[in-house]
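Encoded as structure tokens, the structure appears first; notes follow it.
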Amino acid sequence: MVSVTEIDSEKERNVVETDPALEPSNHCVVIMEQLPLTYHEPAPTWRVSVALTIRDAGVFGKLSIQADLPTVIIGPLLLKRQIVAVARYPGRVASWSFRFESDAGRAKALVWLHPGVSPTDQCGIHVVQHARFG
């Protein structure tokens, strides 16, 4: 099951979280779909940060630890829908909580989160770069 929601630059708080029923993962792919803009509005640039909840019974016992990864800047989006970032942690993450902020007025987008498991020793949010067209 994948988490999907609309984010809006005019909302006080934009948070997208993974489904708590999902298995622990060590990466989470962020896909954004930009909704239509009017011609006079600039394409939005989003600030994205993530908090992860880590549960490791062998290390923390029954406790869970929350960690914040640094903020990254994403945008403007070049395609209608694109993978914009991958968050990675070298251990099992129980849940991912992404926060989105934009200075652009009336900027909206849809966001999908795809948690998964892959061999990784990286940690942080990595912006996925796309080639400019034209």
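Looking only at residues that are under 18 Å from Val72 (Cβ atoms) and surrounded by fewer than 21 Cβ atoms within 10 Å (Cβ to Cβ) in segment 35-56, which one is modelled with the lowest pLDDT? Steps first, please.
The first filter runs over segment 35-56 and keeps only residues under 18 Å from Val72 (Cβ atoms), leaving 43-52.
This time we only want the ones that are surrounded by fewer than 21 Cβ atoms within 10 Å (Cβ to Cβ), so: 43, 45, 47, 49, 51.
On the way: Ala43: 77, Thr45: 88, Arg47: 93, Ser49: 95, Ala51: 95.
The selected residue is Ala43.
Scan segment 97-110 and report the pairs whose first residue is within 15 Å of Ala51 (Cα to Cα) and touching a residue at least 12 places away in the same chain (Cβ under 8 Å) and whose second residue is small (Gly, Ala, Ser) and buried (at least 18 other Cβ atoms within 10 Å of the Cβ), with Cβ atoms within less than 7 Å and a gap of 6+ or a chain change.
none
Considering only residues of segment 106-126 that are more than 16 Å from the chain's Cα centre (by Cα) and under 23 Å from Pro44 (Cβ atoms), which is modelled with the lowest pLDDT?
The qualifying residue modelled with the lowest pLDDT is Arg106.
Does segment 37-54 contain any residue that is touching a helix residue (DSSP H, G or I) at 6+ places or on another chain (Cβ under 8 Å) and more than 21 Å from Ile83 (Cβ to Cβ)? Full working, then the answer.
Restricting attention to segment 37-54, the residues satisfying the condition of being touching a helix residue (DSSP H, G or I) at 6+ places or on another chain (Cβ under 8 Å) are 54.
When the remaining residues are screened for being more than 21 Å from Ile83 (Cβ to Cβ), the result is 54.
Among the residues of segment 37-54, at least one is touching a helix residue (DSSP H, G or I) at 6+ places or on another chain (Cβ under 8 Å) and more than 21 Å from Ile83 (Cβ to Cβ), which makes the answer yes.
Quick one: in segment 75-93, of everything that is of a type in the set (A, V, I, L, M) and at pLDDT below 90, which residue is farthest from Leu110 (Cα to Cα)? Quick ask: steps written out before the conclusion?
In the first step, residues of segment 75-93 are kept if they are of a type in the set (A, V, I, L, M); the result is 77-79, 83-87, 93.
Applying the additional criterion that residues be at pLDDT below 90 yields 77-79.
Numbers: Leu77: 12, Leu78: 15, Leu79: 13 Å.
This residue is Leu78.
Considering only segment 46-72, state which residues are farther than 14 Å from Val111 by Cα and either basic (Lys, Arg) or out of contact with any strand residue (DSSP E or B) (no Cβ under 6 Å at 6 or more places or on another chain) (or both). Before the answer, list the steps.
Keep residues of segment 46-72 that are farther than 14 Å from Val111 by Cα, which gives 51-72.
Listed by number, the residues that qualify are Arg55, Asp56, Ala57, Gly58, Val59, Phe60, Gly61, Lys62, Leu63, Pro70.
For segment 16-34, which residues satisfy the criterion of being assigned to a strand (DSSP E or B) and over 24 Å from Leu79 (Cβ atoms)? Before the answer, list the steps.
Within segment 16-34, the subset assigned to a strand (DSSP E or B) is 16-17, 25-34.
Scanning segment 16-34 gives Glu17, Ser25, Asn26.
Quick test for you: out of Gln82, Gln129, pick the one residue that is under 15 Å from the mean Cα position of the chain (by Cα), touching a residue at least 40 places away in the same chain (Cβ under 8 Å) and under 17 Å from Glu33 (Cα atoms). Don't jump to the end; show me each part of the working.
Numbers: Gln129 fails: touching a residue at least 40 places away in the same chain (Cβ under 8 Å).
Every option except Gln82 fails the conditions.
The values are calculated or read from the model by the stated rules, or taken from the named source; none is laboratory data. All values reported here derive from a predicted model rather than from experimental measurement. Quick reminder, even Gly has a Cβ in these numbers, built from the backbone with ideal geometry, and neighbours come from all protein chains shown.
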